[in-house]
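The values are calculated or read from the model by the stated rules, or taken from the named source; none is laboratory data. Just so we're clear, the structure is a prediction, and the values are computed from it rather than from any experiment. Cβ coordinates were reconstructed from backbone atoms using ideal geometry, including for glycine residues, and neighbour counts include every protein chain displayed. Quick note on the areas: whole protein, heavy atoms, side chains included, nothing else; ligands and nucleic acids left out. Shrake-Rupley method; radii C 1.70, N 1.55, O 1.52, S 1.80 Å.
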Amino acid sequence: MIDFSEKICCSEVRVKIGREVLGELDSLQGKKGIVHPRTLRTQLKADLDIEIEDGERGKDISVAMRIVDELLSSGFTRGDYLIAMGGGTVLDVTGFSASIFMRGLNLINVPTTLLGMVDAAIGGKNGVNYRLAKNMIGTFYQPFMIVEDLSFLDTLPVEEFRRGMAEVIKYALVLDKELYDFLSLNHDSIMKRNQDVLEKVIYSSVKDKLFVVSEDERETKGVRIVLNFGHTIGHAIEAGSDFKVPHGLAISVGMVCEAKIAEEMGYAEEGVVEDVLWLLQLYGLPISMDQLNAKVEVERALKSMLMDKKRRGEETLMPFPTRIGNWRSVSVPNDTLVSFSKQCLGGN
Ligand SMILES: NC(=O)c1ccc[n+]([C@@H]2O[C@H](COP(=O)([O-])OP(=O)(O)OC[C@H]3O[C@@H](n4cnc5c(N)ncnc54)[C@H](O)[C@@H]3O)[C@@H](O)[C@H]2O)c1
C-alpha cells in the first residue's frame, strides 16, 4: 500500500492507494456515515448508510440536502466522518454535503472509478448541478482522507476505464514526462489492469494533481489552470452535443485541438501534437470529431466556449503544452480561439 500525505493550505490530506485498503477506515474513532450508489454494496461497517442515485441525476441539490437531513437525524457532529464511496458524481454531491453540514465534518473520499481516483477525489472541489448548469453550486473543501482501493476497478467497464485514462494522459502531457514514457511503454499491462502498474499510474496522477492543488488551491494563482488542458474545447464539445459525448472522450479531442492551437500560435515545440495524438490513439481515445460518433452542434459548442469560466473579457486564459511534461498559460484572443476551434471542430 502507498500511504502519504500532502499539505494543502490549512489541511493535511492523507492518501492511501492499494488493493483491499478499505480496512484502513475501521480504526477511525467517531461515527461513520457512508454515501454510496444503490448499485454499490459495501462490507464497510457504518453507523449510517445512505443510498443515492449515481450519475449526473444524483448530483442534485435535493440529494445533497437529503444527506444533510440524514446526518442531522442520526446525531452526527463535526468530529464524525462522512465517507463518499462511488464515481465522481457521488464524490461531488457528498463532498458538498460534508462541507455545508455544521460548516464541515470530516470527509473521506473512496473513489470507485478510475476518473474518481485520478481526478474527482483529489483537490477539494465539489458541486451539484443546478438549473441545467453543471457544477453551478459548490465549495472548495479538502477531504480528510482519500482511500483508493484498486479492487473497485475490477468491475469497471472498459469504456469507463478508458475515459479515466484521458485524464491520466492529460497529466502526462502537461506535467509529467516520466508518466508519458511510462504510459507509452506499459499500455498492455495498464489496460489489463495489472495491479503494480496501475498503482504506479494512479500514484503519479494523484501526486501530479495534489502538487498543482497545493500550489494554487483556489485557482487564484494561475497554476491550477493547468488542470484545464483540453477542457476549454472539451467542455464546448460536451455542450454542443447536449452532453451526449462523455467527458473523457470530449477532453481527448479537446487536448488534440488545444495542442494544435498551441503549436500554430508558436507556443508548442514541433512534434508536440504528434506526441499527443500518438498516446491518445494508443489508449483507443478519439482524436477527431468524427471518432466521437455523436452529433455536435458547432455553433452551440462555440457559444458555450465563450461563456467558459476562464474567459477574461476579450481573451481566454488557456494552459498550452510547450513540450511534453511542460506548459505555460497563454491569454488567447477569443477571435483566434473561435477560428482555430472552428477548424478543429469542423465548422465553417
Ligand atoms: N470535483 C472534481 O474535481 C471533479 C473532477 C473531475 C470530474 N468530476 C465530476 O465527476 C463526475 C464524473 O465522474 P465518473 O466518471 O466517475 O462518473 P460516475 O460517477 O457517473 O460513474 C460512472 C459510472 O460508473 C459506475 N461505477 C462506479 N464505480 C464502479 C465500479 N467500481 N464498477 C462498475 N461500475 C462503477 C457508475 O454506476 C456510473 O454508471 C462528473 O460529474 C464530473 O463533473 C469532478
Over segment 152-176, the set of residues touching an Asp or Glu at 6+ places or on another chain (Cβ under 6 Å) and within 10 Å of the ligand (Cβ to nearest atom) is Glu167
Note: among Leu156, Leu71, just one is over 21 Å from Ala250 (Cα atoms) and of a type outside the set (Phe, Trp, Tyr), namely Leu71
In segment 94-107, residues that are crowded, with 24+ Cβ neighbours inside 10 Å and in contact (Cβ under 8 Å) with a residue 40 or more places away in the chain total 5
If you go through Ala268, Ala262, Ala301, the only one that is in contact with a strand residue (DSSP E or B) (Cβ under 6 Å, 6 or more places away or on another chain), in a helix (DSSP H, G or I) and in the same structural domain as Gly164 (by TED's automatic domain parsing) is Ala262
For Leu91, indicate whether it is touching a residue at least 24 places away in the same chain (Cβ under 8 Å), surrounded by 14 or more Cβ atoms within 10 Å (Cβ to Cβ) and under 18 Å from Leu153 (Cα atoms). yes
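Run down Ser331, Ser339 and say which single residue is out of contact with any helix residue (DSSP H, G or I) (no Cβ under 9 Å at 6 or more places or on another chain), without any contact (Cβ under 8 Å) to a residue 24 or more places away in the chain and either in a helix (DSSP H, G or I) or among the basic types (Lys, Arg) (or both). Break it down stepwise before answering.
On the way: Ser331 fails: either in a helix (DSSP H, G or I) or among the basic types (Lys, Arg) (or both).
Result: Ser339 is the single residue among Ser331, Ser339 that is out of contact with any helix residue (DSSP H, G or I) (no Cβ under 9 Å at 6 or more places or on another chain), without any contact (Cβ under 8 Å) to a residue 24 or more places away in the chain and either in a helix (DSSP H, G or I) or among the basic types (Lys, Arg) (or both).
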Residues of segment 112-141 being more than 7 Å from the ligand (Cβ to nearest atom), open to solvent by 20 Å² or more (accessible area, probe 1.4 Å) and in contact with a Leu (Cβ under 9 Å, 6 or more places away or on another chain), in sequence order, are Tyr141
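Does Gly55 satisfy the criteria of being crowded, with 23+ Cβ neighbours inside 10 Å, under 29 Å from Leu156 (Cα atoms), assigned by TED's automatic domain parsing to the domain that holds Lys125 and within 16 Å of the ligand (Cβ to nearest atom)? Show your work before the answer.
Numbers: crowded, with 23+ Cβ neighbours inside 10 Å: no; under 29 Å from Leu156 (Cα atoms): yes; assigned by TED's automatic domain parsing to the domain that holds Lys125: yes; within 16 Å of the ligand (Cβ to nearest atom): yes.
Taking the combined requirement at face value, the residue does not satisfy it.
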Filter segment 1-21 for residues that are surrounded by 18 or more Cβ atoms within 10 Å (Cβ to Cβ), within 21 Å of the chain's Cα centre (by Cα) and of a type in the set (A, V, I, L, M); the one that is farthest from Asp216 (Cα to Cα) is Ile17
Every listed condition ((1) in a helix (DSSP H, G or I); (2) within 15 Å of the ligand (Cβ to nearest atom); (3) open to solvent by less than 20 Å² (accessible area, probe 1.4 Å)) holds for Leu71 save (2)
